[in-house]
């Protein structure tokens with residue numbers, strides 16, 4: 001069996017039909033969050049569970065189409081926006 005290094009976690013936010021993702025690489029220990037929701041603790045917990053650090057935050061939607069906060073989160077000063 002191949003040594004699998006990729007981690008893919010889907011986060012569903014009830015009530016707003018919002019999907020976001022944590023995608024990581026165990027070989028590098030880095031992860032990306034795609035379309036994060038406002039409460040970022042879930043991604044921090046998932047990264048910790050897989051021994052990953054979040055290195056990238058990407059948004060596939062414009063701010064008017066999804067309630068995300070990657071710019072504020074990337075400052076490293078907040079855990080919720």
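Points worth noting:
- When the range 38-81 is filtered for residues that are assigned to a loop (DSSP other than H, G, I, E, B), at pLDDT 85 or above and surrounded by 12 or more Cβ atoms within 10 Å (Cβ to Cβ), the ones remaining, listed by number, are 40, 50, 52, 59.
- Condition broken by residue 30, with the remaining ones in (1) closer than 15 Å to residue 11 by Cβ; (2) modelled with pLDDT of 95 or more satisfied: (1)
- Scanning the range 5-27 for residues that are touching a residue at least 12 places away in the same chain (Cβ under 8 Å) and assigned to a loop (DSSP other than H, G, I, E, B), we see that the one that is farthest from residue 56 (Cα to Cα) is 16.
The values are calculated or read from the model by the stated rules, or taken from the named source; none is laboratory data. Just so we're clear, the structure is a prediction, and the values are computed from it rather than from any experiment. Here Cβ is always computed from backbone atoms with ideal geometry, including for glycine, and neighbour counts include all displayed protein chains.
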